[in-house]
Amino acid sequence: MINYASFDTWWWPYVFIAVAGWLATDIWRWLGVLVGNRLKQDSAALTWVRAVATALLAAVISKLILYPSGELRAVPVELRLIAVSAGFAAFLFFGKRIWIAIVVAVGLLIGGQLLLGSGLLTG
């Protein structure tokens, strides 16, 4: 049986992870395509799937804002909340164009960090 420790080469762990990841997720994608083609757009099952997907996305975004990792941890939570709020407001104001919301939110994050770094916003 082939397992993670079967080969003693530098590239084997990467191949193992890629193949195992593909096998674990690709079957669900194909099943989703097969089942999804038979569902009506306004069916209860599809509405539930959209609700779960939206809730998962909201949870991931909330985690990134409230409990970030990496470099985002250095950004104050107030600045992160202002940036996401302004980005959402821009999204709604400019006709639900996601790229405008992203530009506004990222611009506020970068601009706020530059102002904080220069000492202009620190009291």
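Any chance you could run the full-extension gain for Ile102 through Val77? It's 0.36 nm times the residue separation minus the Cα-Cα distance, nm to one decimal. Roughly 7.2 nm would be gained on extension.
Using a probe of 1.4 Å on the protein chains alone, the accessible area found for Asp8 is around 150 Å².
A Gaussian network model of the chain, with springs between Cα atoms under 10 Å, assigns the largest mean-square fluctuation among Gly107, Gly87, Gly21 to Gly21. Ser62 contributes an accessible area of around 60 Å² to the protein surface, as traced by a 1.4 Å probe with all chains present. Dividing the alpha-carbon radius of gyration of the chain by the rule-of-thumb value 2.2 N^0.38 Å gives 1.57. A P(r) calculated from all alpha carbon pairs of the range 70-123, with 10 Å bins opening at zero, reads 27, 47, 22, 4 percent. With the helix formula -39500 (n - 2.57) applied to DSSP H stretches of n ≥ 4, the chain reaches a computed 222 nm mean residue ellipticity of -24500 deg cm²/dmol. Averaged per residue, the range 70-123 has 71 square angstrom of accessible surface, using a 1.4 angstrom probe with ligands and nucleic acids left out. Computed with every protein chain present, the accessible area of Arg50 is close to 110 Å² [probe 1.4 Å]. What a 1.4 Å probe finds exposed on the chain is 74% carbon and sulfur by accessible area, rounded to a whole percent.
The values are calculated or read from the model by the stated rules, or taken from the named source; none is laboratory data. This structure is a prediction, so every number in the text was calculated from the model and none was measured. Remember, those area values only see protein heavy atoms, side chains included, never the ligands or the DNA or RNA. Shrake-Rupley method; radii C 1.70, N 1.55, O 1.52, S 1.80 Å.
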